[in-house]
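To keep things clear, I will list the structure first and then write my remarks on it.
The values are calculated or read from the model by the stated rules, or taken from the named source; none is laboratory data. Owing to the predicted nature of the structure, the values given are computational and were not obtained by experimental measurement. Virtual Cβ from ideal backbone geometry, glycine too; neighbours counted across all protein chains shown.
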Amino acid sequence: MTNLRELFDSEKRWRSAAAAVWTLLLVISFTFAVTAVGSFDPFDVLGSIAGILFILTDRTFWSNVFGICVVEFIIFRLTTRYYKVCHYVPRNQLRLIAYHLSPVRIFYIILHMICGGLITWFMTRITGNLVVSLVLDATGNINASVVNEQHTFIVLHGMFVGGFYGAAFFLAGRHIIHFPIVQQTRFFRVKGQLFPLLLTSASRSFRNMKYFYIIYYFFCASTVQWWLSVYGLPQDRNSNSDITSGLDTISGLLSLSLAFSAWFCGMFVDFVLSLVNLLYIVYETQSFEFPIEPAFEHLQDMCLHRALICNEHLLLQYLACLDLSQLAKHSRERRMVIFSVSPLGGHPLNWTNIASTCLVQLKDFVDEIVAFNDCPTGQKTVGHLVDQQKQGQVISRSFLRPGATHELSYRTADVCAQQTQPQIDSAKRIFVKISEIVKNHSVVTYFIANRPELLGLQLFSQSQKYIWLISGLSHLVAASYTEDTYGVVQQTLPDILTVFLNLLEALNRHLKQFPVRKRNQSGFANIHSLKLVLKETVKEAIYKIVITFDTHLSSIPLSAENTRRLQMFKEFKE
Amino acid sequence: MSLIEAFCNPPSYGFVTVCEKNAQLLAFDVLDSRAKELALFPELNAAVELMRASWSKESARAAFVEHSDSARKQLLKAWFEHGLTGILDEIAYGQFAEQTPGMRFISHPARFALWFVRWINSMHGFLFPHLALSNGDLISEFSTNPMWKDGFVRCFAWHPHVPEFAIAMKDDFVHIRSLESNGSLAVERTLKHKLQKGVADIAWKPLSSSILAVACQSCVLIWKIDPLSMATHLWSSAVQTLTHPGHCPVISIAWCPDEGLLVSASPTDTSILVWNVAMDDCVPLKRFGSGGSAFLKWSPDGSKLFSACPSSVFRIWECVNWTCQKWTKLLARCQSACWSPDGKILLFTLHDEEVIYSLTFQSDSSNPTALTKTQISAIKVSAVNRDTETGLISLGGPVQDMAWDSNGERLAVSFMDPSAQFVAIFQTSLETIFEIIPIGFIRGRPDETATILSFRPKFVGGSLLTIVSLAVLYFEIVVSRALHLNFENVCYENSV
């Protein structure tokens, strides 16, 4: 497994580096473009062009761009570790609250607030039209200076936008790496998303400004006082002609130029922060080609079938599943390697490795769904209890709540220990009794009882992986009809069909018990969609096999129930 | 030399082609009883049966006096259904624009605004003239159905696996009918939704039994029809709506043959959308400078996608990395196209051009994304005048539409006026080199013109061609077991 990890680490390293470099280049280009557009004068084209060229040689511009780039790089370094390929779904309400208020999130919001403020500050230094610095020299007095309220307002708005972005990052599930529907090249993916991203940033900045205005209006006085205390500055508005009325009044806040500057800087901050997300996800979701057959014995660990079961690195496992699905669809050459047999003994090692790996994972998944369908609260089933009884353990049943459905709880205790340590046992018993009383309290139960809908979401959080496995297997099976010269797939076909049919049955039952409500559970809506995609994929996979093999399927040994289900597919009635 | 010259004379006026036997098309007098005996399937008069069927079901509506909505209501409706472009479309081309005197003055600025909004919405490189057309005119202009606006039948699609077809009518109802084992037609289901307006295309999902996509003016509707359900009318509960800002009217849709992906195109949008239907999510494939997309054809092997543009440009996408090959400097915009069953040959025609072009792709297993090795050759179908008993008739000319059967043995070609009443049938062979051999002309009832051609996929024992004329569907049995004849003189081969 070491080789695989090394391979993955080196791949991940260059992807991150490339994403970081491109993010910084895009930030520099965007900053320059914004500055150039801002300084363009349609009545003086030549002068504008000269001005734009001057920007390129301007030291202030480059120093501030450098500042923005440093901030951007810090965000990149500190945040990319929080990206995940699948949602973490807490089991109960308490964990859900803890999850939403975790220190990581708080840290993330504060980090983005600071970075948002810094980026705005650098940006205002570049544009420099309304505001130059946080303090102004008071007229007629060289030593005294006053607070530049407008600049403070804009920088605080930048912080607000940054904080809002940081909060929405987890709540809206932006930290989840969604793989694209089709694998376009990186250039076209980024190109296609840049303009919509800019529009989204512009509209988001505009929509959220109203909240900032409310916050600023109510906390304005304290903010200004805080600034004054920090810098020890007098507040002298009348001496400065630019600032006619303070921003703690409604008339002062209703300045169009101020609103435009704030909106513009907000859009810039939001766009620049979103770029990190865009570029990182584009690079991470690029497909990676794993070798199917090791060239040497020591490279055995780097093969596709090993990567398919690598649970330690979910991203690696996802990339392997994606690779399997891609090769099954598009690469005849690689399919031929899978269908080949070993030179010594003629064993279909590659197919056996890949098929068994996929089938084991899918079977486990089916079992999990079936178990969940039988007992959605996550308690052990009766069958499980009987197994444990055989092992000589004492099991007691108790009904938790009157009026609730019959929930089984069990407590095990070692019989021998009961005899030798009566005192400890009695203490334990009291503790258990107290804990049960606490647990039975309705408020506590609400927080700590496992919620079936959350458990269901947890079960399907990694559905994308299974979607690729099913699609990959079905395409391989369909391709084997013409390409499999040694008949290596034939032996596994009944197993594959059985797993697909069982999975469909389990999914149908699950979706009947828990109908998909997409508007429910914000942040986890993606998992609901994945359930539907999974069901459609299984159906497509079975139809693909049925259409390809047609009448030949009747000779495949299947259980009576599965034969009946398959017959529905043959008649196109499913 | 025009390939049309190699054809025999078409059936005389008053004769109807019924089927093909031994590479000969059999035609009988309309009143001849043998015509009905030989025809395996009856004619379906869509105008009488389907339109009436949908009206008769609306019995409650008949009790109320019809009234037209006020201008304000119509505008509000357009705003909620189609957004900004909808409201501009309504002002510029709506009925009340002609009726209300004040509206006439603002209809011209509204047309300009519509043009501008569409141009801005999709970042078109140039100001294409078609962007100023109304939604209905856009579909009518670029649809392969020449009678889209006036005919009763707008679209037709065979189910890929079972003997069932969907047919979209002028009244925005979509009917699904199945053929019984004895060949008779049975009324099955009617699909109706409030967003189902201006249906431009319908397509069945290949890896499914019951999913039908309908391209409408403002969205794509995905109907899920339970094959075991006995319901004859399906309403909003069985439908999923796919919308994307700026992507209307949707003019063409195509399902990936070996996956669950759906692509949709609009002449006002520079992007083709690739939909993951179950996820309700799409990826735009944006390419500037060709004025949107007019129609899409996915190759039967799923490896390539053909997209024609409203300008003289078309693109061929490879479906691995989704890069495209752009074909420019054509003499006109693309009119129709079809793929061979193996996905290696593409036939296409240009608007007002009397030539069928064939494009051959070399298979390269080592690099599935390569589209560079292509050969192009041309088949002339220029107009030929023939003297017949009933007078001078014109055959061939600019091609209207083409259909290639799933066995790769028959190609049907319909022409624009004045040859619109004839459909040419060719025998094709793909075994070693691409061969195309004339068989004959199909003629419908007197003065009927062919509007839609469609072969039934996977028809056992030959090919089943469906021709939709202004109102009637004819089911032509084209038997592919033809006698071997010497066609050396007229055989057009691909230049190697």
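Of note:
- Taken together, the residues in region A:162-206 that are in contact with a Cys (Cβ under 8 Å, 6 or more places away or on another chain), more than 12 Å from chain B (Cβ to nearest Cβ) and of a type in the set (Val, Ile, Thr) amount to 1.
- Region B:243-264, residues that are more than 15 Å from B:Leu285 (Cβ to Cβ), free of Cβ contacts under 8 Å to residues at least 60 places away in the same chain and within 13 Å of chain A (Cβ to nearest Cβ): B:Trp255, B:Pro257, B:Asp258, B:Glu259, B:Gly260
- For region B:184-217, the tally of residues that are within 14 Å of another protein chain (Cβ to nearest Cβ), under 16 Å from the mean Cα position of the chain (by Cα) and aliphatic (A, V, I, L, M) stands at 2.
- Residues satisfying the stated conditions in region B:139-161, i.e. at pLDDT 90 or above and in a loop (DSSP other than H, G, I, E, B): B:His159, B:Pro160, B:His161
- Residue count for region B:191-247, restricted to those that are in a strand (DSSP E or B) and β-branched (Val, Ile, Thr): 7
- Some residue of region B:123-139 being among the small types (Gly, Ala, Ser), touching a Lys or Arg at 6+ places or on another chain (Cβ under 7 Å) and without any contact (Cβ under 8 Å) to a residue 40 or more places away in the chain: yes
- Region A:449-479, residues that are farther than 17 Å from A:Val360 by Cβ, in a helix (DSSP H, G or I) and away from chain B (no Cβ under 14 Å): A:Pro452, A:Glu453, A:Leu454, A:Leu455, A:Gly456, A:Leu457, A:Gln458, A:Leu459
- B:Thr232 vs. criteria polar (S, T, N, Q), over 25 Å from B:Gly94 (Cβ atoms), surrounded by fewer than 21 Cβ atoms within 10 Å (Cβ to Cβ) and in contact with a strand residue (DSSP E or B) (Cβ under 8 Å, 6 or more places away or on another chain): yes
- In region B:223-237, the residues that are away from chain A (no Cβ under 11 Å) reach residues that are among the polar types (S, T, N, Q) and surrounded by 14 or more Cβ atoms within 10 Å (Cβ to Cβ) with C-beta atoms within less than 8 angstrom, at least six apart or across chains, in these pairs: B:Ile225/B:Ser210; B:Thr232/B:Thr190; B:His233/B:Thr190; B:Leu234/B:Thr190.
- Single residue of A:Phe187, A:Phe195, A:Phe169 found to be touching a helix residue (DSSP H, G or I) at 6+ places or on another chain (Cβ under 9 Å) and either farther than 29 Å from B:Thr270 by Cα or without any contact (Cβ under 8 Å) to a residue 40 or more places away in the chain (or both): A:Phe169
- Residues of region B:281-311 satisfying the condition of being more than 21 Å from B:Gly260 (Cα to Cα), of a type in the set (Ser, Thr, Tyr) and either within 14 Å of another protein chain (Cβ to nearest Cβ) or under 19 Å from the mean Cα position of the chain (by Cα) (or both): B:Ser293, B:Ser311
- When region B:265-280 is filtered for residues that are under 19 Å from the mean Cα position of the chain (by Cα) and without any contact (Cβ under 8 Å) to a residue 60 or more places away in the chain, the ones remaining, listed by number, are B:Ala265, B:Ser266, B:Ile272, B:Leu273.
- Hey, B:Ser271 in contact with a strand residue (DSSP E or B) (Cβ under 7 Å, 6 or more places away or on another chain), farther than 21 Å from B:Lys192 by Cα and within 14 Å of chain A (Cβ to nearest Cβ) or not: yes
- 3 or more residues surrounded by 15 or more Cβ atoms within 10 Å (Cβ to Cβ) and modelled with pLDDT of 90 or more: qualifying strands (runs of 3 or more DSSP E) within region B:311-391: B:314-318, B:334-339, B:345-350, B:355-361
- Filtering region A:79-98 to residues that are part of a helix (DSSP H, G or I) and surrounded by fewer than 15 Cβ atoms within 10 Å (Cβ to Cβ) leaves A:Arg81, A:Tyr82, A:Leu94, A:Ile97, A:Ala98.
- Condition check for A:Val70: assigned to a helix (DSSP H, G or I) and modelled with pLDDT of 90 or more: yes
- Within region A:44-61, residues that are farther than 15 Å from A:Thr31 by Cβ have Cβ atoms under 7 Å from residues that are outside any helix (DSSP H, G or I) and of a type in the set (Asp, Glu) in these pairs: A:Gly47/A:Asp41; A:Ser48/A:Asp41, counting only partners at least 6 apart in sequence or on another chain.
- Test: B:Gln427 is in contact (Cβ under 8 Å) with a residue 60 or more places away in the chain and closer than 25 Å to B:Gln362 by Cα: yes
- Residue match in region B:279-294 (condition: out of contact with any strand residue (DSSP E or B) (no Cβ under 9 Å at 6 or more places or on another chain), closer than 24 Å to B:Lys224 by Cα and not aliphatic (A, V, I, L, M)): no
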